[in-house]
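Engineer: Provided herewith is a single structure, encoded as structure tokens, for subsequent inquiry.
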Ligand SMILES: Cc1cc2nc3c(=O)[nH]c(=O)nc-3n(C[C@H](O)[C@H](O)[C@H](O)COP(=O)(O)O)c2cc1C
């Protein structure tokens, strides 16, 4: 097998770091050894208040692993992905091994291109329905990674989930530790390579609709605007639960987001109900029989907003030289 030229790896890591992460914490690091890439969860970048069990960090690392995978595939490389391969190393989230050459299909190239356009859009979306064919494409994306997408309008769960979003938001607003953590990551100095900048926030809503985005992501300097009345809400689920399922859910979530981007859709997250124990349990119960819910997405048509910054690849990448292989 011919070794990949460095630029293929450069592209793959540039793609990996474009993954979404809670408050843009970027809780990952990568190790390359020969033809193997390891994705590690970086515990120093996990949110201790919102994410004490590292659930959201594993989703983010799963998304980064998917970006690596799709970027390598778009360069005609065959890739074998193993998630959480070593029980003794719970922070080793995924291992990708190059396995020869295999021509990419057009759909894979399309997803790889979408990596550099995808972003979280917290602004109002248009009151325009997502057509059935596009909804199906997004659902198929989750299935391709062993996940599942459920549209809440199709399942009678819309009102109960929207209510849990509001209740969790209110609990978090009353929680000083939560507010302090959020403020730390959302009031970063300009030019910061992590955290959520003001430019990524949305205008305040002119009145509160069924679903609320996080109040901490409202930019009060912008004039109030009307948000869509009933956005399309989609939950990403897996059959199983636990750490392994969370990594797979992160990969499925990323394929869903990239498919949505390629289809011209915008998306944002509503993670509040996953972050307080009471609402998380209530969510789990709502989906009993269907699977384990991992993330809630608002999907629709919107005008693109600006991309947020990332740390440099050099800050998150280490090369490990095999002891039996002479360096250089
Ligand atoms: C697991 C997870 C949960 C997230 N939860 C929220 C959320 O509740 N509200 C929100 O506005 N953004 C949320 N985000 C989006 C991140 O803030 C966003 O990915 C990050 O700031 C990087 O920006 P980008 O997605 O535009 O690249 C979440 C992202 C992930 C991966």
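The values are calculated or read from the model by the stated rules, or taken from the named source; none is laboratory data. Predicted, not measured: the structure shown is a model, and the values here were computed from it. Quick reminder, even Gly has a Cβ in these numbers, built from the backbone with ideal geometry, and neighbours come from all protein chains shown.
Engineer: Can you tell me which of (1) in contact with a strand residue (DSSP E or B) (Cβ under 6 Å, 6 or more places away or on another chain); (2) outside any loop (DSSP other than H, G, I, E, B); (3) crowded, with 17+ Cβ neighbours inside 10 Å is the one residue 282 doesn't meet?
Structural biologist: Condition (1) is where residue 282 drops out.
Engineer: I would also like to ask the following. Any residue that is under 25 Å from residue 82 (Cα atoms) and within 19 Å of the chain's Cα centre (by Cα) - is there at least one of those in region 299-313?
Structural biologist: Looking only at region 299-313, we keep the residues that are under 25 Å from residue 82 (Cα atoms), and these are 313.
If we keep only those that are within 19 Å of the chain's Cα centre (by Cα) too, we end up with 313.
There is at least one residue in region 299-313 that is under 25 Å from residue 82 (Cα atoms) and within 19 Å of the chain's Cα centre (by Cα).
Engineer: Sort through 17, 115, 95, 36 and tell me the only one that's over 14 Å from residue 247 (Cα atoms) and over 15 Å from the mean Cα position of the chain (by Cα).
Structural biologist: Selected residue: 36, the only one of 17, 115, 95, 36 that is over 14 Å from residue 247 (Cα atoms) and over 15 Å from the mean Cα position of the chain (by Cα).
Engineer: Sticking with this structure for a sec: Among 196, 256, which is under 20 Å from residue 128 (Cα atoms), within 13 Å of the ligand (Cβ to nearest atom) and surrounded by 23 or more Cβ atoms within 10 Å (Cβ to Cβ)?
Structural biologist: Just a single option satisfies the conditions, and that option is 256.
Engineer: Checking the structure you have, find out if any residue of region 302-311 is outside the structural domain of residue 59 (by TED's automatic domain parsing), away from the ligand (no atom under 16 Å from the Cβ), at pLDDT 95 or above and farther than 17 Å from residue 66 by Cβ.
Structural biologist: no
Engineer: Okay, next question. Considering region 228-279 alone, what residues qualify as being outside any helix (DSSP H, G or I) and within 13 Å of the chain's Cα centre (by Cα)?
Structural biologist: 235, 236, 267, 268, 269, 270, 271
Engineer: From the list 237, 176, 232, which residue is away from the ligand (no atom under 12 Å from the Cβ) and either out of contact with any strand residue (DSSP E or B) (no Cβ under 6 Å at 6 or more places or on another chain) or without any contact (Cβ under 8 Å) to a residue 60 or more places away in the chain (or both)?
Structural biologist: The conditions single out 176.
Engineer: For region 10-35: of the residues being more than 22 Å from residue 188 (Cα to Cα) and within 16 Å of the ligand (Cβ to nearest atom), which is surrounded by the most Cβ atoms within 10 Å (Cβ to Cβ)?
Structural biologist: Here the answer is 16.
Engineer: Moving to a separate point now. Report yes if residue 126 is closer than 30 Å to residue 210 by Cα and either in the same structural domain as residue 281 (by TED's automatic domain parsing) or within 16 Å of the ligand (Cβ to nearest atom) (or both), otherwise no.
Structural biologist: Criteria not met by residue 126.
Engineer: Looking at region 253-270, I want the residues that are assigned by TED's automatic domain parsing to the domain that holds residue 238 and on the phi > 0 side of the Ramachandran plot and have a partner that is in a loop (DSSP other than H, G, I, E, B) and surrounded by fewer than 23 Cβ atoms within 10 Å (Cβ to Cβ) with Cβ atoms under 9 Å, at least 6 apart or on another chain. Which pairs are those?
Structural biologist: What qualifies is 264/301.
Engineer: Does residue 67 satisfy the condition of being surrounded by fewer than 21 Cβ atoms within 10 Å (Cβ to Cβ) and touching a residue at least 60 places away in the same chain (Cβ under 8 Å)?
Structural biologist: Spelling it out, it is not the case that residue 67 is surrounded by fewer than 21 Cβ atoms within 10 Å (Cβ to Cβ) and touching a residue at least 60 places away in the same chain (Cβ under 8 Å).
Engineer: Taking the criterion of being more than 30 Å from residue 83 (Cα to Cα), surrounded by 16 or more Cβ atoms within 10 Å (Cβ to Cβ) and assigned by TED's automatic domain parsing to the domain that holds residue 269, would at least one residue in region 137-156 satisfy it?
Structural biologist: No, because not a single residue in region 137-156 is more than 30 Å from residue 83 (Cα to Cα), surrounded by 16 or more Cβ atoms within 10 Å (Cβ to Cβ) and assigned by TED's automatic domain parsing to the domain that holds residue 269.
Engineer: Could you list all residues from region 46-71 that are more than 10 Å from the ligand (Cβ to nearest atom), farther than 10 Å from residue 16 by Cβ and over 15 Å from the mean Cα position of the chain (by Cα)?
Structural biologist: Those that are more than 10 Å from the ligand (Cβ to nearest atom), farther than 10 Å from residue 16 by Cβ and over 15 Å from the mean Cα position of the chain (by Cα): 48, 49, 52, 53.
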